[in-house]
Amino acid sequence: MPTDPHPFPHRHLTGIYGLQPWEISFLLDEAEQWIALNRGTAKHDDRLAGLTLINAFFENSTRTLLSFEIAGKRLGADVVNMHVAASSVKKGETLIDTAMTLNAMRADMIVIRHEASGAVHLIADKVDCPVLNAGDGRHEHPTQALLDALTIRRRKGRIDGLRVAICGDVLHSRVARSNILALTALNAEVRVVGPPTLLPPAIERMGVTAYTDFDAGLDGADVVMMLRLQRERMAGGFVPSPREYHALYGLTPERLERAAPDALVMHPGPMNRGVEISSSVADDAERSAIIEQVEMGVAVRMACLDVLTRARRGVPGWN
Ligand code: NCD
């Protein structure tokens, strides 16, 4: 029987979908060494020296782009950032042309963010190097789910058996989708909580329990993951007003009382303070892991860049 040659037998990271639980855990384990390096003074390792990383961002981003740029540079890669206004790009042929251009420039890793779900798959099929998904439409944002899992694992010591409530605009959220896949794979008990208009139909098929009552969904949760209200993806009609949304689904200190006494509060950023989360909760150093999530993001992205380029760097056993 042929066995997998190494613990991560994938060419690309287009999503959490299709990853085995041990493959997810392997990436989290790999990230640990980079947390230590990043906390030191000289934050450098040269394993990607001579390799070119292209960050192709077709949709606005500050923290994810910066995080991938820092991750690439800390591993010694040459990093090029390409911003493309989404409006100037026509889907289909143009996207494939862009992919062929990046390929002809002999990129060694391509990180893509795109407003269209599935755009990353399209590009991954056309190029010769590893492609990492930095968020495609409402589809997936795998490195966000990995950094969230790493944050939970470090703060709580485990993921298995934890009650995680993912709250808010689940419908428009690639972060929710990737997190549901990762956390259920790692045996967490996942709930999604939000207004009926912002919960995808038949979401239970992903192995989660859906709640429209925020208090009921928070009850006894070990982790409360808030999502940004994605107003740019709504043509209106999903929520009456940000104020009403806050009254019903905003995480306030009183609301948080419903969760477990030591519940961890998370948010992928950027936050709408006073809408999905109140500032006093977001800034509560004991409960909130929001800043730590950003730190874990760099470490996780370093791990992904390292692991996905092992074959092309000729690391023994990784061909
Ligand atoms: C998330 C995204 O872009 O999907 N943010 C991020 O990666 N920094 C979440 C969001 O935009 O709400």
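The values are calculated or read from the model by the stated rules, or taken from the named source; none is laboratory data. Fair warning: this is a prediction, and the values are worked out from it, not measured in the lab. Neighbour counts are summed over all protein chains in view; Cβ atoms, including those assigned to glycine, are modelled from backbone coordinates with ideal geometry. Surface accessibility is based on the protein's heavy atoms, side chains included, excluding ligands, DNA and RNA. Shrake-Rupley method; radii C 1.70, N 1.55, O 1.52, S 1.80 Å.
Okay, here's what the table says:
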item: Test set (1) open to solvent by 10 Å² or more (accessible area, probe 1.4 Å); (2) assigned to a loop (DSSP other than H, G, I, E, B); (3) not assigned by the TED database to the domain that holds Arg63 - Arg177 fails condition number; result: (2)
item: Some residue of the range 122-143 being away from the ligand (no atom under 16 Å from the Cβ) and under 23 Å from Tyr211 (Cα atoms); result: no
item: Test for Arg228: is it at pLDDT 95 or above, among the charged types (D, E, K, R) and open to solvent by 40 Å² or more (accessible area, probe 1.4 Å); result: yes
item: Options Arg153, Arg158, Arg177, Arg205: the member that is within 16 Å of the ligand (Cβ to nearest atom) and among the basic types (Lys, Arg); result: Arg177
item: Residue among Ala235, Ala221 that is among the aliphatic types (A, V, I, L, M), more than 26 Å from Ala31 (Cβ to Cβ), away from the ligand (no atom under 16 Å from the Cβ) and outside any strand (DSSP E or B); result: Ala235
item: Tally, over the range 31-56, of residues that are open to solvent by 30 Å² or more (accessible area, probe 1.4 Å) and within 24 Å of Arg158 (Cβ to Cβ); result: 4
item: Selection from the range 120-132 of residues that are in contact with an Asp or Glu (Cβ under 6 Å, 6 or more places away or on another chain) and buried (at least 24 other Cβ atoms within 10 Å of the Cβ); result: Val120
item: In the range 46-83, the residues that are within 11 Å of the ligand (Cβ to nearest atom) and touching a strand residue (DSSP E or B) at 6+ places or on another chain (Cβ under 8 Å); result: Phe57, Glu59, Ser61, Thr64, Leu65, Phe68
